[in-house]
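The values are calculated or read from the model by the stated rules, or taken from the named source; none is laboratory data. Note that the structure is predicted; figures quoted are calculated from it, not measured. When we count neighbours, we look across all protein chains shown, and the Cβ atoms used for this are built from the backbone with ideal geometry, even at glycine. In case anyone asks, the SASA skips ligands and DNA or RNA and just uses the protein heavy atoms, side chains included. Shrake-Rupley method; radii C 1.70, N 1.55, O 1.52, S 1.80 Å.
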Amino acid sequence: MTLRRNDLEGYFSLGSSSVEGSYQRKAGFLKIGSSTLSEAKAIARKRSSGRIYMPTSARLSDDVYSRLKEDILSASLKSDERLYETTVAESFGGSRTPVREALLRLLEEGLLVRQGRAYVVSRISVSEMIDIYRVRQNLECLSASIATETITDAELSELRAMIEVMRTAAGRRDGSTFNLVDSEFHLAIAKSTGNEVLIGILTKLHERVLLVRNSVERFLSRLENANQEHEAIYNAIRRRQSTIAVAEMNSHIQSTIESLKESGIDLVEINE
């Protein structure tokens, strides 16, 4: 099952009355399943009652894809874990054909690699993460620059609410919630540009980022600083200051790149 933005409306009220019910989600970006965040389970139970999904091959393929993607991005399935068509099919109670289709979709997205008959959860090294962040750095700066001209008051309000959610999550050392909303914050800025190509590329990059973020507790040490940087980006965009927005975004992502360089280890090994 996949959570979409309208499923999460009013969800982000992590003990902060100032943001309760104000985080209105209008368009889906990251397709993360309900177990990514424990609180989202309550929302999942509120989905349309009486809605029955027919057990078609296409539906099963979508369900397998969504569940496995959720488990990979939330680190329930860790790097180097091996998946086989037969065992996955047995766990979902279906045939191998829709399972194969789901696995091939994840393979195309780079979340799995093929080793013989096995599909193995991808391992991302520090050097690859730095490469991802360097690409993000340029695209996110472009996104921030365009947003200063295109963002609406409603979209600014959504960014403000996200910052408050992340502030509460950082205080609780809730890295899972922070990481997801962090990516949604950046993607909301991209969405405000109206540039579908930019949105699509950044969405894929953020999925790769989440693959590591949710496996590494070391990122907890940067939560509060990262959110202060988010606020500086937000303020520059709100004031329509393109040069400052670009500078703040560049500095924000560069800080993470420097943290990755200093780590000197393969981050995905920490929780193994």
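Within the set of pairs 6 or more residues apart or between chains, which connect a residue that is touching a residue at least 12 places away in the same chain (Cβ under 8 Å) and farther than 13 Å from F185 by Cβ inside region 224-250 to a residue that is among the polar types (S, T, N, Q) and crowded, with 19+ Cβ neighbours inside 10 Å with Cβ atoms less than 7 Å apart?
Listed by first residue and then by second, the contacts come to R240/T148; Q241/T148; S242/T148; A245/T148.
Looking at A102, A170, which one is surrounded by 13 or more Cβ atoms within 10 Å (Cβ to Cβ), farther than 22 Å from V212 by Cβ and under 20 Å from the mean Cα position of the chain (by Cα)? Spell out the reasoning first.
Working: A170 fails: farther than 22 Å from V212 by Cβ.
Going through A102, A170 in turn, the sole match is A102.
Determine which member of the set R160, R167, R173 is closer than 12 Å to A226 by Cα and basic (K, R). Explain how you work it out, then say what you get.
Values: R160 fails: closer than 12 Å to A226 by Cα; R173 fails: closer than 12 Å to A226 by Cα.
Testing whether each residue is closer than 12 Å to A226 by Cα and basic (K, R) leaves just R167.
If I ask for residues that are among the acidic types (D, E) and part of a loop (DSSP other than H, G, I, E, B), which ones from region 78-119 would you list?
Residues of region 78-119 that are among the acidic types (D, E), as a first pass: 80-81, 85, 90, 101, 108-109.
Matches in region 78-119: D80, E81, E109.
Which of the following residues is touching a Gly at 6+ places or on another chain (Cβ under 9 Å), open to solvent by less than 60 Å² (accessible area, probe 1.4 Å) and of a type outside the set (V, I, T): S79, S74? Explain how you work it out, then say what you get.
Details: S79 fails: touching a Gly at 6+ places or on another chain (Cβ under 9 Å).
Going through S79, S74 in turn, the sole match is S74.
Could you figure out which of (1) touching a strand residue (DSSP E or B) at 6+ places or on another chain (Cβ under 7 Å); (2) in a helix (DSSP H, G or I); (3) open to solvent by 60 Å² or more (accessible area, probe 1.4 Å) isn't true of S66?
(3)
Of (1) of a type in the set (A, V, I, L, M); (2) surrounded by fewer than 16 Cβ atoms within 10 Å (Cβ to Cβ); (3) in a loop (DSSP other than H, G, I, E, B), I124 satisfies all except one. Which?
Failing condition for I124: (2).
Among the residues of region 210-220, are any among the β-branched types (V, I, T), at pLDDT 95 or above and within 15 Å of I132 (Cβ to Cβ)?
To start, the set of residues in region 210-220 that are among the β-branched types (V, I, T) comprises 212, 216.
Now restrict to residues that are at pLDDT 95 or above: none.
Within region 210-220 (the criterion being among the β-branched types (V, I, T), at pLDDT 95 or above and within 15 Å of I132 (Cβ to Cβ)), the answer is no, since none of the residues qualifies.
Which of the residues spanning region 238-262 are open to solvent by less than 70 Å² (accessible area, probe 1.4 Å), among the hydroxyl-bearing types (S, T, Y) and more than 22 Å from the chain's Cα centre (by Cα)?
The one that is open to solvent by less than 70 Å² (accessible area, probe 1.4 Å), among the hydroxyl-bearing types (S, T, Y) and more than 22 Å from the chain's Cα centre (by Cα): S242.
Kindly provide the set of residues from region 132-182 that are assigned to a helix (DSSP H, G or I) and polar (S, T, N, Q), ordered by number. Please lay out each step first, then the result.
Our first condition is that a residue be assigned to a helix (DSSP H, G or I); within region 132-182, this holds for 132-150, 153-171, 175-182.
Selection gives Q137, N138, S143, S145, T148, T150, S157, T168, S176, T177, N179.
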